[in-house]
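So the structure is just underneath, and the comments pick up after that.
Throughout, read-outs are computed from the coordinates displayed, never taken from laboratory work. If you're wondering where the values come from, they're calculated on a predicted model, not measured in any experiment. Positions of Cβ are generated from backbone atoms using ideal geometry, with glycine treated the same way; all protein chains shown enter the neighbour counts.
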Protein chains: 2
Amino acid sequence: MTKLTVEPRDCAACPIRHNAVCARCEADELEILEGIKTYRNYEAGEPIVFSGDDMEFVASVVTGVASLSQGLEDGRTQMVGLLLPADFLGRPGRRTAAYDVVAVSPLTLCCFRRGPFEELLNSTPHIGQRLLEMTLDELDAAREWMLILGRKTAREKIASLLSILARREASLRQATLTREASFTLPLTREAMADYLGLTLETVSRQISALKRDGVIRLQGTRGIEVPDFERLLAETGDDADGGPLI
Amino acid sequence: MTKLTVEPRDCAACPIRHNAVCARCEADELEILEGIKTYRNYEAGEPIVFSGDDMEFVASVVTGVASLSQGLEDGRTQMVGLLLPADFLGRPGRRTAAYDVVAVSPLTLCCFRRGPFEELLNSTPHIGQRLLEMTLDELDAAREWMLILGRKTAREKIASLLSILARREASLRQATLTREASFTLPLTREAMADYLGLTLETVSRQISALKRDGVIRLQGTRGIEVPDFERLLAETGDDADGGPLI
DNA sequence: CGTCTCGTTGACGACCTTCAAAGGGCGTGG
DNA sequence: CCACGCCCTTTGAAGGTCGTCAACGAGACG
């Protein structure tokens, strides 16, 4: 549970340089950012902030996966955001966290002190423009997710999650989707259940069913092989053409 | 099904002047906006755009209610956005609609031609800043909605929707929430079901149950009276303090 | 080798959907 | 003015999907 603060690295060599909130920054703007940034590392399962906490920073995910969750009085919880590399954490203009944030896998954040970051947001248009674009993308993703939560069956939910993860995996590697795909699940069964509004038992059962029906193959519990991606897509229930965002 | 184009009115007299995307604009910026805006009216139930359509404008809702919906192959649909007065319709930088948009009640839009609006977005920071703020608010609302869709029971879903509508009703009138509240539902049972990921029969049954239990009273089918707002909140299942956005 | 976490599988029951029918409210037309 | 039809809503009965409770299996680690 140790929070390690690493020395800032060079932005030019950053793996998320061209996708994160700083994507459109010029050299001089990057220089300012370098001055206010710090890296933080978290272990899998480690909480980052709790809902209601004061957040003294905003951040970009450099590597790893984090989740945003909301809960009800009696302990039921729903994941409402899944942050992958390049995604942005925190809301400019609001100091208190609205969600519980947890590192799902080993995680590295590039943290910016709130005050200077918000000044930069006002003084240079590039960061605000990029943040708007990213926020609109997240809103689209949230709306696709709402369709999954509200109207899909358990089997369709699992198929949808797998296809989303396969797509993101491919785009991180800058590869195009081929007929067959394989990737490692970054989530436990419980986290998948939390994402999909199911119980972990139902998740496990439906994964077994998809495997039994030949839609996927398993390598251990986390390795997923998709022999025919079209077949998986057919299981999502989605409209053929429109399809989720590419 | 007639689409009436009304002469532009004076921005200074606009009912949503201080809440819409133009909220932070100076007099000179408003003047530019006045030059590219048009009003359009729609009847209740009238479609505005279909997913995949080319959208030549973006718009602010002036009066009335519109919904954004997504559908599955077999006809199941899920509402993914509810646009009330001052809310923004359309995404800068994307010409094709990602959702079906329908007027839920009689509706007036203040439409801006896409090209000039996007130029303005780049040339003046006030519009972009406000749009970012509104988009972040929508993202928060979408996440609260995801918790409702994924984890709440039918009864809790209905109570949540009623409390959200009561809150918005109060904020539109600039009133503070009192112990008792009353408002008119802007949605049919079917639209409520679409919002909550339920069937209209379940919606009807749960409204009857809340009425039987004295949580609400009905005036006709659309009029809702809440004798004790705390009692309604207790039915939402939400964490007592955190509570949804105010 | 024991323990702990994560995952799988089974039995049962609750909640919600599906299918069906009937009850208002309102406008149109006789 | 009343009757009729249409749409929205309510209510009932039956069935299916998924949640709950429980037991067991597999791999990691000390």
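In segment A:51-155, if the dipole is taken from +1 on Lys/Arg beta carbons and -1 on Asp/Glu beta carbons about the Cα centre, which of A:Pro125, A:Leu89, A:Met146 is farthest to the positive end?
A:Met146
Please build a GNM for chain B, connecting alpha carbons under 10 Å apart, and tell me which residue among B:Cys14, B:Cys22, B:Cys111 fluctuates the most.
Fluctuation is largest for B:Cys14.
Between B:Arg94 and A:His126, what is the label-to-label distance in nm when each label sits 7 Å out along the Cα-to-Cβ direction?
2.5
Going 7 Å from Cα along the Cα-Cβ axis for the label, what nanometre distances separate A:Arg113 from the same residue across the other copies?
Copy-to-copy label distances at A:Arg113, shortest first: 4.7 nm.
Loop only by DSSP, 11 or fewer other Cβ within 10 Å of the Cβ. Give me the trypsin sites (Lys or Arg not before Pro) in segment B:69-164 that pass, ordered by residue number. Display every interim value, and only then the final one.
Values: sites: B:Arg76, B:Arg94, B:Arg95, B:Arg113, B:Arg114, B:Arg130, B:Arg143, B:Arg151, B:Lys152, B:Arg155, B:Lys157; in loops: B:Arg76, B:Arg94, B:Arg95, B:Lys152.
Counting only loop positions with at most 11 other Cβ atoms within 10 Å, the trypsin sites (Lys or Arg not before Pro) in segment B:69-164 are B:Arg95.
Which three extents, in angstrom, do the Cα atoms of chain A have along their principal axes, listed largest first?
For chain A, the Cα extents along the three principal axes come out at 54, 43, 31 Å.
Would you mind giving the mean number of other chain beta-carbons within 10 Å of the Cβ of each residue in A:69-75, as a whole number? Don't skip to the answer; put the middle values down first.
On the way: counts 2, 11, 5, 9, 7, 3, 0.
Per residue, the average neighbour count from other chains is 5.
Cα gyration tensor of segment A:133-218, axes a ≥ b ≥ c as square roots of the eigenvalues: rounded (a/c below 1.5), prolate (a/b > b/c) or oblate? Present the calculation step by step, with values, prior to reporting the outcome.
Details: a/c = 1.92, a/b = 1.14, b/c = 1.69.
The shape class here is oblate.
For segment B:152-234, what's the relative contact order in percent, using C-alpha pairs closer than 8 Å and at least 6 residues apart? Don't skip to the end; give the middle numbers.
Values: 86 pairs, mean separation 30.2, N = 83.
About 36 percent, as a whole number.
What net charge is computed for the residues neighbouring B:Val203, neighbours being all others with C-beta under 14 Å from the C-beta of B:Val203, Lys and Arg scored +1, Asp and Glu -1? Mind showing how you got there, number by number?
Numbers: positive: B:Lys152, B:Arg155, B:Lys157, B:Arg189, B:Arg205, B:Lys211, B:Arg222; negative: B:Glu156, B:Glu190, B:Asp194, B:Glu201.
That works out to +3.
Could you work out the relative contact order of chain A? I mean the mean sequence separation of Cα pairs under 8 Å and 6+ apart, divided by the number of residues, in percent.
Numbers: 391 pairs, mean separation 44.6, N = 246.
It rounds to 18 percent for chain A.
To one decimal in nm, how far is B:Arg231 from the same spot in the other copies, if labels go 7 Å from Cα toward Cβ? Please give the shortest first.
5.7
Past 22 Å, Cα to Cα: identify those pairs from A:Lys157/B:Lys211; A:Lys157/B:Lys157; A:Lys152/B:Lys211; A:Lys211/B:Lys152, in the order given.
Checking Cα-Cα distances, A:Lys157/B:Lys211; A:Lys152/B:Lys211; A:Lys211/B:Lys152 exceed 22 Å.
GNM on chain B, C-alpha springs below 10 Å: top fluctuator among B:Ala59, B:Ala209, B:Ala13?
Looking only at B:Ala59, B:Ala209, B:Ala13, the biggest GNM fluctuation is shown by B:Ala13.
Would you compute, from DSSP H runs of 4+ residues alone, the mean residue ellipticity of chain B at 222 nm, taking -39500 (n - 2.57) per run and dividing by the full residue count, rounded to the nearest 500? Numbers along the way, then the final one.
Values: 7 runs with 93 residues, N = 246.
The helix contribution divided over chain B gives -12000 deg cm²/dmol.
If the cut-off is 19 Å between C-alpha atoms, which aspartates and glutamates fall inside it for A:Lys37, apart from same-chain ones fewer than 8 positions away?
A:Glu7, A:Asp10, A:Glu26, A:Asp28, A:Glu29, A:Asp54, A:Glu56, A:Asp87, A:Glu118, A:Glu119
Taking the Cα centre of each part, how many Å lie between segment A:176-246 and segment B:86-126?
Measuring centre to centre over Cα atoms gives 35 Å.
Go through segment B:11-17 residue by residue and turn each phi into a ³J(HN,Hα) via Karplus (6.51, -1.76, 1.60, θ = phi - 60°); whole Hz please, and just put x for glycine and proline.
Working through the residues one at a time gives 4, 4, 9, 6, x, 10, 3 Hz.
Can you give me the long-range amide H partners of B:Ser182? Hydrogens built in the peptide plane at 1.01 Å from N, cutoff under 5 Å, separation of 5 or more residues or another chain.
B:Val226
Would you mind checking which residues have amide H under 5 Å from A:Gly52's amide H? H placed 1.01 Å from N; only 5 or more apart, or other chain.
For A:Gly52, the qualifying residues are A:Ala97, A:Ala98, A:Tyr99.
Nm distances between the label at A:Ala27 and the same-position labels in the remaining copies, 7 Å along Cα→Cβ, shortest first?
Label-point separations across copies, in nm and ascending: 4.4.
Once you charge only the Cβ atoms, +1 for Lys and Arg and -1 for Asp and Glu, what is the size of the charge dipole of the protein assembly as shown about its Cα centre, to the nearest 20 debye? Write out the running numbers ahead of the final one.
Numbers: 58 positive and 74 negative charges, 211 e Å.
The dipole magnitude comes to about 1020 debye.
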